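Every read-out reported here was derived from the displayed coordinates using simple, explicitly stated rules and does not represent laboratory data. Keep in mind that this is a model prediction, so the values were computed, not measured. We place every Cβ from the backbone using ideal geometry, glycine too, and count neighbours over all the protein chains shown.
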Amino acid sequence: MSGKDWLCSIMVTFKINNISLLFGIKFYGGDILLILLSIFWGIMICLILCAPYSYYFLFIPMLLFTVIFLFIYRKKIKKIKILEFILIFACFIFSYFITSFIIFKPVKYMLPNISIISTNKEAVIFYCEGEMEKYTPYYSNYFFKDAPYILKPIYAFQIKQKYKILKVNPKINELTKVAEDVRSSLLNYKPYFFYIAFSGYYPEINSAINSAILDGCGSITIINYTKSRAIEDVVKNQIDLEYLYKMGIKIKFTEPIYNSNLFAESISNRVKNMPIKYDGIIIVDEVTDTSSNIKSSLIYSGYFDDNIIIDMNVDSSMEKFKKLNSTNILYINLLDAGSGIRGEIDLPNRFKKYSTDMKITGMNSWGYDKNLVKACIYEFLSCSLK
């Protein structure tokens, strides 16, 4: 290689017992540019997968630049050795991973400075699921938060495709409607400080608790409008509860609204009040006391045991109904408090292949019902008495 092509030479020399070990890794003009290009496209691929479609026009000049570069250095690329290729690929993966980490890294919340706390001020936080109304990379992480960072951009792209179909996610509006009715009912009883928090959107539970503390509330009750106790672990892991207790702030959690008898009553009554009696009902859920109570209530109202299935496996349930010659099917999604990606996209798609032979109707979420509001009030008052 002539001196003109030589750009840099990295040499590492180790001396062990007066023996020189010389390792020379030589990079030439084309090699370094390829390494820089691999780093650049590691970042770009991650951004292309994650960015909203409206940003795609920004990537066109970068693509043209890459094509021109590869055309100019096409002869040198053919001469790349295996070790050089591995290094270039490693640089690509590293830059891709770092970009993914920066995009999806969770925000760390700090407790605000606690000044004046009043035992007479009581806060109520309505905690529920939540999904972004329109696609944004950071909040898409809610759907795959446990996935490794190397795979998150790929999952984000899949979510982005669903939002392209959905346009605007109605989940937040459904949940906010329930929260507003709960708020109105509670404020008629006592002047509480009321906040709403979402598990997968803003404001998050940490932000709502911080707001209650800044407002000087000495008591915080979290209405758990979900089907599990996961929020209790979230708060305990992310917030220093012992410190809050020392400062005179108490945090309490209601039972999950899903466990309430009023919840089961709300779902079963809506099915009973439908103008059509279905010859097949799938309760999309695990077998729990709540789902079993709903099934028992429907059987008591005239449905047959064989015509009601509690299962999360759509295909096996539909095959059973085929054998029973059922033609009019209702599915009830108990997994989601509000109708989001699963209720609007995933479940309808899973039932779609059966729609040619059967008429399929869906309750895509818990929806809105006065009994759900009553369940929240009842669980809140029960928690307050503890």
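Rounded to the nearest 20, the size of the Cβ-charge dipole of the chain about its Cα centre is 1520 debye, with Lys and Arg at +1 and Asp and Glu at -1. Projecting the Cα positions of ILE35, SER296, ILE80 onto the charge dipole of the chain (unit charges on Cβ atoms of Lys, Arg, Asp and Glu, taken about the Cα centre) puts ILE80 furthest along the positive direction. Extension gain, LYS246 to VAL67: 0.36 nm times the residue separation minus the Cα-Cα distance gives 58.2 nm.
From the alpha carbon centroid of the range 287-348 to that of the range 95-124 is 39 Å. One quarter of the convex hull surface built on the alpha carbon atoms of the range 259-370 amounts to 6.5 nm², the projected area averaged over directions.
Length available on full extension from LYS105 to ARG270: 0.36 nm per residue minus the Cα-Cα distance, which gives 55.2 nm. Ordering PHE97, PHE351 by the number of other Cβ atoms within 10 Å of each residue's own Cβ, fewest first, gives PHE97, PHE351. For a paramagnetic label modelled on ALA230 (point 7 Å from Cα along Cα→Cβ), amide N atoms under 20 Å away belong, within the range 275-292, to 284-291. Within the same chain, aspartates and glutamates fewer than 8 places from LYS152 are excluded, and of the rest, those with a Cα less than 18 Å from its Cα are GLU131. When the inverse distances between all different Cα atoms of the chain are averaged and flipped, the Kirkwood radius reads 25.3 angstrom.
Look at the dipole of the chain built from charges on Cβ: of THR356, TYR368, ILE308, the Cα furthest out on the positive end belongs to THR356.
Within the listed set LEU49, LEU330, LEU36, the Gaussian network model of the chain (springs between alpha-carbon atoms below 10 Å) gives the highest mean-square fluctuation for LEU36. Listed by Cβ neighbour count within 10 Å, with the fewest neighbours leading, VAL178, VAL373, VAL287 appear as VAL287, VAL373, VAL178. Here the residues CYS383, CYS217, ranked from fewest to most Cβ neighbours within 10 Å of their Cβ, fall in the order CYS383, CYS217. Full extension of the segment from LYS353 to GLU286, taken as 0.36 nm per residue of separation minus the current Cα-Cα distance, would add 21.8 nm. Here the dipole of the range 118-257 is about 360 debye; that uses its Cα centre as origin and unit charges on the Cβ of Lys and Arg (positive) and Asp and Glu (negative). Report summary: the helix-based calculation at 222 nm, which adds -39500 (n - 2.57) for every DSSP H run with n ≥ 4 and divides by the residues of the chain, gives -14500 deg cm²/dmol. For the range 259-370, lysine pairs with C-alpha atoms less than 16 angstrom apart, excluding pairs fewer than eight positions apart on the same chain, total 10. Computed from Cα positions, the angle between helix 171-189 and the longest principal axis of the chain comes to roughly 50 degrees.
Here r is the Cβ-Cβ distance between SER296 and GLU180 and R0 is 41 Å; the resulting FRET efficiency, rounded to 0.05, is 0.80. Counting only residues at least eight positions apart within a chain, or on another chain, the lysines with an alpha carbon under 26 Å from that of LYS81 are LYS4, LYS26. Computed from Cα atoms, the angle from the helix 29-50 axis to the main principal axis of the chain rounds to 10 degrees. Shape class of the range 132-218 from the Cα gyration tensor (axes a ≥ b ≥ c, square roots of the eigenvalues): oblate, since a/c reaches 1.5 or more and a/b does not exceed b/c. Considering only PRO191, GLN238, TYR202, and ranking their Cα positions along the charge dipole of the range 118-257 that arises from unit charges at the beta-carbon of Lys, Arg, Asp and Glu, the one farthest toward the positive end is TYR202.
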